[in-house]
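So the structure is just underneath, and the comments pick up after that.
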Amino acid sequence: MPKSAIIAVIWPLLAIAAATPARATPYDIAVLQGLDKVTARVSTIEAPVGEVVKFGGLEIIARQCDKRPPEETPESAAFLDIWEVREGEAAISLFRGWMFASSPALSAMEHPVYDVWVLDCRNAAQAAPPAAAAPPPQKAQRKPPAKR
């Protein structure tokens with residue numbers, strides 16, 4: 001697709017975004033989803049803002065995570081830095097910019113093995129509580145066979 005066509009599509013969206021006041025609220029944690037294309041494994045990643053998290057051979061830092069209030073059109077966006085790290089080599093920057101939950105293809109990271117996209121933003125107090133500990137398995141009691 002030529003750049004002029006992309007600009008023609010995006011330009012009206014930018015004009016609308018510039019006309020509406022920015023009311024997004026910053027959050028502490030970017031909730032991301034990652035796909036390992038080799039194993040077809042999908043993982044949910046909680047990335048605290050400002051901290052490095054690892055996903056496969058990637059290191060991800062969420063610099064900011066904003067979410068609109070419930071009375072507006074839903075949108076979560078995160079500013080991410082993503083590097084590929086290989087042992088014995090310098091880290092390679094793969095992505096730096098905003099990703100939007102409602103439009104993951106608008107600003108996507110391109111990599112042959114991994115995909116990463118934004119799901120949501122939340123505060124640490126809203127984090128899911130740990131699952132209740134299950135009781136330890138009990139050994140089955142074996143009854144002696146009934147005598148005839």
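Read-outs: derived from the displayed coordinates by stated rules, not from any lab. Small disclaimer: the values here were computed from a predicted structure and weren't measured. Cβ sites come from the backbone with ideal geometry, for glycine too, and all protein chains shown count toward neighbours.
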I'd like the full set of residues that are within 18 Å of Cys121 (Cα to Cα) and of a type in the set (Lys, Arg), limited to the stretch 59-95. Arg63, Lys67, Arg68
If we keep only residues of the stretch 45-104 that are polar (S, T, N, Q) and in contact with a strand residue (DSSP E or B) (Cβ under 9 Å, 6 or more places away or on another chain), then the residue surrounded by the most Cβ atoms within 10 Å (Cβ to Cβ) is Ser76
Quickly run through the stretch 92-118 and pick out the residues that are in a strand (DSSP E or B) and hydrophobic (A, V, I, L, M, F, W, C). Ile92, Leu94, Phe95, Trp98, Met99, Phe100, Val116, Trp117, Val118
